[in-house]
Amino acid sequence: MQTLKMIVDDLHDCEAKSLLFQILLKIESCKEAGIDEETFTRDLEGLYDHLLYYKAGEISAYAKK
């Protein structure tokens, strides 16, 4: 949980807004298309995994400097 907090704190405003937009867009798309909760959850987990992978790489590169 501490790593996640660090990653979120490290987001730039544009990154946070983009991530929020992606989440809200997925919610809207799922409601309109009638996508089941399992697919929606997998999509959100994909966003989560991508964020952790992307930002964890930045944090570890930053720590090495």
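The values are calculated or read from the model by the stated rules, or taken from the named source; none is laboratory data. All values derive from a computational prediction rather than experimental measurement. A quick note on method: Cβ atoms are made from the backbone with ideal geometry, for glycine too, and the neighbour counts reach across all protein chains shown.
Against the test of being acidic (Asp, Glu) and loosely packed, with under 10 Cβ neighbours inside 10 Å, the options Glu45, Glu15, Glu37 yield a single qualifying residue, Glu37.
With a requirement of 3 or more residues that are at pLDDT 90 or above and among the charged types (D, E, K, R), the helices (runs of 4 or more DSSP H) lying completely within the chain that satisfy it span 13-33, 37-64. Answer yes or no as to whether Ile7 is more than 23 Å from Gly57 (Cα to Cα) and surrounded by 10 or more Cβ atoms within 10 Å (Cβ to Cβ). So Ile7 fails the test.
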